[in-house]
1. Starting from a Cα-only point model with no solvent, please compute log10 I(q)/I(0) by Debye for region 115-222 at q = 0.14 1/Å.
2. Of the residues Gln146, Gln137, Gln110, which exhibits the maximal mean-square fluctuation in a Gaussian network model of the chain defined by a 10 Å Cα contact cut-off?
3. Net charge near Glu274, counting Lys/Arg +1 and Asp/Glu -1 over other residues with Cβ under 12 Å of its Cβ?
4. Consider just the alpha-carbon atoms of region 30-111 and return their Rg together with their Dmax, both in angstrom.
5. In nanometres, what is the gap between the two model label sites at Ala170 and Gln260, each 7 Å from Cα along Cα-to-Cβ?
6. About the Cα centre of region 30-111, how large is the charge dipole given +1 on each Lys and Arg Cβ and -1 on each Asp and Glu Cβ? Please answer in debye to the nearest 20.
7. For every helix of n ≥ 4 consecutive DSSP H residues, a contribution of -39,500 (n - 2.57) applies; sum these over the chain, divide by its total residues, and give [θ] at 222 nm rounded to the nearest 500 deg cm²/dmol.
8. About the Cα centre, and with charges only on the beta carbon of Lys, Arg (+1) and Asp, Glu (-1), how big is the dipole of region 109-175? Nearest 20 debye, please.
Amino acid sequence: MRMRRTLAYMVFACCVVLFVVKNRAAEVRSGDWTISKSEAAGKVEFSLIEHHHGGTSSLQSDWSASAFLGVDFSKPGRQDVHFTIKRDAGKIDCEGFLNDGEGAGLFHFQPDANYPREMQALGFSVDDEKQFAMTVQDVSLEFAKQMKNEHLSGLDADKLIAFRIFGVDAAFIEALRAEELKISDADKLVAFRIHGVSPQMVRSLHQAGYSPDEDTLIAMRIHGATPEWMAELKQRGYDHIDLEKLIAFRIHGVSPEFIQKLQSMGYSHPDPDELIAMRIHNVTPEYISDMRARGIHDLSIDQLVSMRIHGID
């Protein structure tokens, strides 16, 4: 009888230990939060800061003020606050204070135990780090399903987080595809959002007779070859220039103002490659004027470029 009782106590003790270990593992994350005013109307800047052995890490972004249920950001003076951010991936309990709409406090993160399993069923692998980020960025199960249905290459849990950070959603993808852009690369969609490739930009280029691919669109935005800038070039007689050459124009500084100065000096319509070569080798309107002041007239662009290459100043 005593042996049975001892065995029962041991089983009970093991269950208690397992329960404690399991719950400690489930509540691991905590840290500080701060809220400050945002330049965007109706939003606040919300930060979560974790302290760990490797130092600190933080997540910061603009949030809608309505996301903080029960918090009155318009209330003057100091107020104690306690709010909970609930997501599919978990919940973040926060307590602290606000002073004239800004403040700080402590947070505790409780991951949802079912979330990793449900995401795995959708084909996404979620570890502890990702689950915390997916809670903050609100990567819901419904959002994951929507993105899965878009049949994108390279789509994983990290991309879902990036999508939420940069605003890639089903509406954005469908708007691009409505402009006959057959985009299916998750990385390219993130790059589109980062650099400002919009459905309107794609439409404008198609209307102008271009059929750019994803890499060309991104390069155009990186270097500032916008439809508005292209319209300025058209006024100087440069219509429907190859997109790669337009990007080279921006890289090397071939501007509508540069072309206008050359035209006023008698170079009515230099070839795009000539314009690029002039900028690469620093054949400026000032250089041409200096040569003319020395009595050297009627030089072709090729001659001017050759003189610069050979150091004739």
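Values in this text are rule-based calculations from the coordinates and carry no lab data. This one's a predicted model, so the numbers in the text were calculated from it and none came from an experiment. Positions of Cβ are generated from backbone atoms using ideal geometry, with glycine treated the same way; all protein chains shown enter the neighbour counts.
1. -0.56
2. Gln146
3. Taking every Cβ under 12 Å from that of Glu274, the sum is -1.
4. 12.5, 38
5. In this crude label model, Ala170 to Gln260 measures out at 4.8 nm.
6. Dipole about the Cα centre, nearest 20: 160 debye.
7. Here the helix-only value at 222 nm equals -14500 deg cm²/dmol.
8. Once rounded to the nearest 20, the dipole reads 100 debye.
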